[in-house]
Amino acid sequence: MPRSPAPILSRILPGRPRPLGACFDGRGVNFALFSANASKVELCLFDEAGQREVDRIALPEKTEDIWHGYLPDARPGTVYGYRVHGPYEPDAGHRFNPNKLLLDPYAKDLVGTFRWTDSHFGYRVGSPRGDLSFCRRDNARSMLKARVVDPSFTWGRDTRLGTSRASTVIYEAHVRGLTMRHPAVPVGERGTFAGLCHPALIDHLVRLGVTAVELLPVHAFLDDRFLADRGLRQYWGYNTLAFFAPEPRFLAGGHLEEVKTAIARLHEAGIEVLLDVVYNHTAEGDENGPTLSFRGIDNASYYRLDPANPRRYVNHTGCGNALNTANPQVLRLVMDSLRYWVETFHIDGFRFDLATTVGRQAEAAGGAFAPDAAFFQAVLQDPVLCHVKLIAEPWDVGPEGYRLGQFPAGWSEWNDKARDAMRAFWRGDAHAAPGLASALTGSAHLFEHNGRRPQAGINFITAHDGFTLADLTAYEAKHNEANGEGNRDGHNHNLSLNHGVEGATEDPEILAARARTRRALMATLLLSQGTPMLLAGDEFANGQAGNNNAYCQDNEIGWLDWDAADGALTDWCRRVVSLRQRHPVLRQPRFLHADTASPAGVPDIGWHDEDGPIIDSAHWHDPEAAHVGVLLSGRAGRRPPDQGAPAATLFLVFNAEEKPLAYHLPEVPAAGPWSLLLDSSRPDLAEGAEEAPPGGSVEIPPRAVLVFAIAEPAG
């Protein structure tokens with residue numbers, strides 16, 4: 001193989017086994033790579049563009065399964081990859097192939113453009129022996145490389161915001177989807193972190209009242225080959241290749257500083273940044289997938305393999321493989337990655353995709369989920385990570401993978417039970433009232449254990465996976481034909497309501513009905529105990545033409561249409577978020593069970609129907625009951641309000657009936673009149689424009705949410 005000499009870089013010293021990765025110490029670069037089963041590791045150096053290999057050097061030392069070496073004359077900007085030697089024995093779980101250039105698992109910056117070719121596979125594609133065959137083709141020309149980084153950055157006065165979970169309002173967004181069609185963002189910055197921190201976008205978020213942006217995966221990922229063959233892309237990003245490197249397509253100028261700058265500007269505006277992370281699987285797929293990094297470095301260590309047949313992968317994720325976080329070195333990789341994003345990029349928290357997988361024990365121990373798994377213990381004792389927000393998607397597709405409510409203290413969880421209960425209630429399903437009541441009070445039956453608080457539940461009506469709010473109220477069936485899978489992909493159980501016409505319509509009555517339901521759904525979410533999460537674009541009725549699985553739609557289907565924004569809905573959302581933040585009774589620090597009362601004798605929570613307090617279970621067992629009132633005392637079991645926060649008592653009424661109801665407002669001794677704060681059927685009605693006496697009767701409009709407030713006496 002012809003190579004250009006690089007005598008200065010070829011001078012290699014033993015170096016150190018830690019830290020892992022390529023680390024510049026001010027004088028040179030230390031390279032360290034974990035592989036328990038390799039026989040030799042070669043460091044491959046490339047020119048600045050990553051096109052030409054200029055040297056290949058065997059790492060000289062191995063300490064406790066970590067191969068390492070030190071180049072005293074290397075500097076930030078050095079481009080490199082690895083070739084790892086060892087047995088190619090798939091039946092034993094080993095898939096070493098030194099013909100494949102491999103990406104460092106600790107790569108912090110990527111060089112080049114990945115191009116799909118058969119050379120990326122460790123076996124000969126098309127061979128009758130399948131993955132038992134061995135491919136000798138070199139993949140370096142079409143493979144991504146790593147670049148040594150200089151981690152220095154001037155953060156100025158940026159500090160951790162530390163927004164309490166009780167005050168948190170999450171906004172789930174996609175870097176590209178949020179910015180690609182925003183008219184104020186310069187064309188060259190759209191789809192990038194530079195666009196994410198544009199003043200117009202930050203102003204929108206601040207005015208909306210969100211306190212945290214949760215970004216879909218920004219770790220470097222690959223477009224699946226089957227998508228590339230269809231002319232599509234991996235849009236959502238759940239196909240991670242590098243856990244330390246930002247996705248290059250999100251960098252307008254190709255510089256890591258863009259990520260830090262965006263986070264600093266969001267912090268300046270009082271907005272935290274959370275990352276959706278995918279530590280459950282990688283882009284290498286199953287035994288028929290490519291050899292790009294982990295598989296070629298040490299397949300038997302990095303992945304969960306079937307103990308009875310190590311050629312096969314345990315697939316708890318449905319994506320072909322599962323990362324083996326039960327292995328201490330793989331667990332270290334995940335922990336190092338999390339700390340890196342907190343310490344280097346000032347990230348405020350993480351949402352873990354398919355989090356059940358990372359909490360599974362070793363396959364030798366049965367592979368079952370355990371709340372005290374090594375991963376959870378490592379995170380909760382870590383002095384860096386114990387201070388950030390930790391959110392679990394509490395399921396995977398493996399055995400007994402649905403684990404809602406079973407994660408340890410310190411974690412929050414996506415509460416799909418609350419989502420379905422809210423949807424079913426406003427769709428008019430039978431027996432929906434009890435589920436709504438549970439959702440409104442933070443799902444205590446799921447989360448009230450081990451000292452957990454209502455904020456352990458992340459409430460949402462919609463998320464990236466599924467219908468948007470606009471489509472939830474305009475389609476009763478998914479329309480995913482653009483994905484090229486015959487509309488077989490995506491959820492079928494959507495609990496959606498099209499209001500009489502499937503999809504787009506010009507009928508003013510149907511449009512008004514849809515708008516009314518959207519306001520009611522949004523109000524229900526934001527008035528519930530727990531932590532609310534909004535899907536980006538829902539605040540202005542962004543739609544995806546009925547596509548409920550837009551994972552591959554990096555185009556107008558997946559991007560937010562700012563020009564068609566419903567400003568009236570945005571105003572409504574701002575108003576309800578503001579109400580939530582101004583009234584602590586809507587974000588209680590404890591679960592409510594009517595076991596405490598205010599000095600005036602008002603219970604911390606009370607349930608009402610149209611005739612007054614619900615005194616027996618008949619209302620809850622009535623399959624046709626489609627309305628419920630809830631009384632929340634602002635003075636029960638709490639100290640006087642902090643920092644001027646009002647201790648108002650609220651009465652919320654949720655009426656999914658198609659007819660108005662006459663409701664009796666609760667009696668509150670020695671209190672003034674009830675003041676109407678919100679009426680979702682009249683979104684322009686000014687707060688406090690109408691009043692009614694305690695015990696008086698008021699008309700609750702059909703398919704509406706109303707909020708009344710009263711000032712209880714202090715003692």
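Take the Cβ-Cβ distance between Trp116 and Asp489 as r, set R0 to 30 Å, and report the resulting FRET efficiency rounded to the nearest 0.05.
Numbers: r = 21 Å, r/R0 = 0.71.
The formula returns an efficiency of 0.90 here.
Students often get this wrong: which residues of segment 509-534 have the backbone nitrogen under 19 Å from the point 7 angstrom along Cα-to-C-beta of Ala564?
Backbone N within reach: 509-519.
Holding the Cα-Cα limit at 25 Å, pick out from Lys62/Lys260; Lys417/Lys659; Lys260/Lys389; Lys389/Lys417; Lys62/Lys389; Lys260/Lys417 the pairs that are longer than that.
Pairs exceeding the cut-off: Lys62/Lys260; Lys417/Lys659; Lys62/Lys389; Lys260/Lys417.
Does segment 448-533 come out rounded, prolate or oblate by the C-alpha gyration tensor, with a ≥ b ≥ c the root eigenvalues, rounded set by a/c under 1.5 and, if not, prolate when a/b is larger than b/c and oblate if not? Write down the numbers at each step before the final one.
Values: a/c = 3.62, a/b = 1.47, b/c = 2.47.
It comes out oblate by the Cα gyration axes.
What FRET efficiency would be calculated for the residue pair Asp138, Val397, taking the C-beta separation as r and a Förster radius of 30 Å, to the nearest 0.05?
After rounding, the FRET efficiency stands at 0.25.
Rank His204, Thr531, Leu71 by how far each Cα sits towards the positive end of the charge dipole of the chain (+1 on Lys, Arg Cβ; -1 on Asp, Glu Cβ) and give me just the farthest.
It is Leu71, whose Cα lies furthest towards the positive end.
Between Thr344 and Leu511, 0.36 nm times their residue separation minus their Cα-Cα distance comes to what?
55.4 nm
With the Cα gyration tensor of segment 264-322 in hand, convert its eigenvalues to equivalent ellipsoid semi-axes via √(5λ) and list them largest first in whole Å.
34, 12, 9
Return the carbon/sulfur percentage of the accessible area of the chain, one whole number, probe 1.4 Å, all protein chains in place.
Of all accessible area on the chain, carbon and sulfur atoms account for 51 percent.
Taking amide hydrogens as modeled 1.01 Å from N in the peptide plane, which residues meet the under 5 Å criterion relative to Tyr171, leaving out close sequence neighbours?
Under 5 Å from the amide H of Tyr171 lie the amide H atoms of Ala212, Val213, Glu214, Leu534, each far enough along the sequence or on another chain.
Which distance in nm do the two modelled labels at Asp25 and Leu685 give, with both placed 7 Å along the Cα-to-Cβ direction?
In this crude label model, Asp25 to Leu685 measures out at 7.0 nm.
Cα gyration tensor of segment 483-619, axes a ≥ b ≥ c as square roots of the eigenvalues: rounded (a/c below 1.5), prolate (a/b > b/c) or oblate?
Because a/c hits 1.5 or more and a/b exceeds b/c, segment 483-619 counts as prolate.
Under a point spin-label approximation (7 Å from Cα along Cα-to-Cβ), what is the Asp571-Glu556 distance to one decimal in nm?
In this crude spin-label approximation the distance works out to 2.8 nm.
Tell me the angle of helix 508-526 to the major Cα principal axis of the chain, expressed in degrees between 0 and 90 and rounded to the nearest ten.
With rounding to tens, the tilt is 80 degrees.
What's the angle, to the nearest 10 degrees (0 to 90), between helix 416-427's Cα axis and the longest principal axis of the chain?
Between the helix axis and the principal axis of the chain, the angle is about 40 degrees.
Go ahead and run the numbers for FRET between Asp73 and Asp306, Cβ-Cβ distance against an R0 of 35 Å, rounding to 0.05.
Here the calculated transfer efficiency is 0.15.
Based solely on C-alpha atoms, express the radius of gyration and the Dmax of segment 126-252 in angstrom.
Expressed in Å, the Cα Rg and Dmax of segment 126-252 come to 19.4, 61.
Lys/Arg Cβ at +1, Asp/Glu Cβ at -1, dipole of segment 122-265 taken about the Cα centre: which of Ala264, Pro217, Leu161 is farthest positive-ward?
With unit charges placed on the Cβ atoms, the residue in question is Pro217.
Report relative contact order for the chain in percent, whole number only (criteria: Cα-Cα under 8 Å, sequence separation at least 6).
Here the relative contact order equals 10 percent.
Tell me, how many Å apart are the Cα centres for segment 557-589 and for segment 166-191?
So the separation of the two Cα centres works out to 16 Å.
Taking the structure as given and computing Cα extents along the principal axes in Å, which label from [x] 98, 70, 54; [y] 90, 53, 51; [z] 88, 62, 59 fits?
Comparing each candidate, only [y] matches the computed number.
Using the Karplus equation 6.51 cos²θ - 1.76 cosθ + 1.60 (θ = phi - 60°), what ³J(HN,Hα) coupling, rounded to whole Hz, does each residue of segment 58-75 give in order, writing x for Gly and Pro?
6, 5, x, 10, 9, 10, 6, 6, 10, 8, 8, x, 10, 9, x, 10, 7, 9
Accessible area per residue of segment 578-670 at 1.4 Å probe, in Å²? Working shown, then result.
On the way: 4210 Å² over 93 residues.
With all protein chains present, segment 578-670 gives 45 Å² per residue.
If we count every other residue with Cβ under 9 angstrom of Asn99's Cβ, Lys/Arg +1 and Asp/Glu -1, where does the sum land?
Net of charged neighbours comes to +3.
How much length would be gained if the chain were fully extended between Glu658 and Arg160, taking 0.36 nm per residue of separation minus their Cα-Cα distance, in nm to one decimal?
That works out to 174.5 nm of additional length.
Can you check what the net charge comes to around Leu305, using other residues whose Cβ is under 14 Å from the Cβ of Leu305 (Lys, Arg +1; Asp, Glu -1)?
On the way: positive: Arg95, Arg295, Arg304, Arg311, Arg312, Arg360; negative: Glu89, Asp91, Asp131, Glu284, Asp286, Glu287, Asp298, Asp306, Glu363.
With Lys, Arg at +1 and Asp, Glu at -1, the net is -3.
Regarding segment 1-148, what whole-number volume in Å³ per residue does the convex hull of its Cα atoms give?
That works out to 101 Å³ per residue.
Using unit Cβ charges (K, R positive; D, E negative) and no other charged atoms, how large, in debye to the nearest 20, is the dipole of segment 592-715 about its Cα centre?
Once rounded to the nearest 20, the dipole reads 460 debye.
Taking the simple approach of a point 7 Å from Cα along Cα-to-Cβ for both Ala184 and Ala269, what is their distance in nm?
0.8
For segment 266-272, just list the computed ³J(HN,Hα) in residue order, Karplus coefficients 6.51, -1.76 and 1.60, θ = phi - 60°, integers in Hz, with x standing in for Gly and Pro.
So the J values, rounded to whole Hz, are 5, 4, 4, 8, x, 10, 6.
What ³J(HN,Hα) values, in whole Hz, does the Karplus curve 6.51 cos²θ - 1.76 cosθ + 1.60 give for segment 581-594 when θ = phi - 60°, with x put for Gly and Pro?
Residue by residue, segment 581-594 yields 6, 7, 10, x, 4, 8, 9, 5, x, 9, 6, 9, 9, 6 Hz.
Taking the Cα centre of the chain as origin, work out the dipole magnitude from +1 charges on Lys and Arg Cβ and -1 charges on Asp and Glu Cβ, in debye rounded to 20.
The dipole of the chain has a size of about 2600 debye.
Given a cut-off of under 8 Å on Cα pairs at least six residues apart, what relative contact order in percent is computed for segment 208-298?
With pairs under 8 Å counted, the relative contact order is 36 percent.
Can you pull out the trypsin sites (Lys or Arg not before Pro) in segment 453-516 whose DSSP state is coil and whose Cβ has at most 12 other Cβ atoms within 10 Å?
Here the trypsin sites (Lys or Arg not before Pro) that fit, given the DSSP loop and packing criteria, are Arg488.
Enumerate the residues in segment 137-156 having an amide nitrogen under 18 Å from the point lying 7 Å beyond the Cα of Val54 toward its Cβ.
141, 145-150
If you take the charge dipole of the chain about its Cα centre, with +1 on Lys and Arg Cβ and -1 on Asp and Glu Cβ, which of Ala308, Trp572, Gly672 is farthest toward its positive end?
With unit charges placed on the Cβ atoms, the residue in question is Ala308.
Under 13 Å from the Cβ of Phe425, count the other residues' Cβ atoms, weight Lys and Arg +1, Asp and Glu -1, and hand me the total. Kindly include the intermediate steps, with their values, before the conclusion.
Values: positive: Lys417, Arg419, Arg423, Arg427, Arg703; negative: Asp420, Asp429, Glu624, Glu657.
Computed value for this residue: +1.
What does the extension gain come out to for Gln581 and Ala597, with contour length at 0.36 nm per residue minus their alpha carbon separation? Provide the component values of the computation, followed by the final result.
Working: separation 16, 0.36 × 16 = 5.76 nm, distance 2.27 nm.
Stretched fully, the Gln581-Ala597 segment lengthens by 3.5 nm.
Would segment 426-490 count as rounded, prolate or oblate if I go by the C-alpha gyration tensor, calling it rounded below 1.5 in a/c and otherwise prolate when a/b exceeds b/c, oblate otherwise?
It is prolate, given that a/c is not under 1.5 and a/b is the larger ratio.
About its Cα centre, what dipole magnitude does segment 532-629 give when the only charges are +1 on Lys and Arg Cβ and -1 on Asp and Glu Cβ, stated in debye to the nearest 20? Present the calculation step by step, with values, prior to reporting the outcome.
Numbers: 6 positive and 16 negative charges, 127 e Å.
With only Lys, Arg, Asp and Glu charged at Cβ, the dipole is about 620 debye.
To the nearest 500 deg cm²/dmol, what mean residue ellipticity at 222 nm is calculated for the chain from DSSP H runs of n ≥ 4 alone, each contributing -39,500 (n - 2.57), summed and divided by the residues?
Taken over the chain, the calculation gives -5500 deg cm²/dmol.
The values are calculated or read from the model by the stated rules, or taken from the named source; none is laboratory data. None of the values given here were measured: they were computed from a predicted structure. Here Cβ is always computed from backbone atoms with ideal geometry, including for glycine, and neighbour counts include all displayed protein chains. Quick note on the areas: whole protein, heavy atoms, side chains included, nothing else; ligands and nucleic acids left out. Shrake-Rupley method; radii C 1.70, N 1.55, O 1.52, S 1.80 Å.
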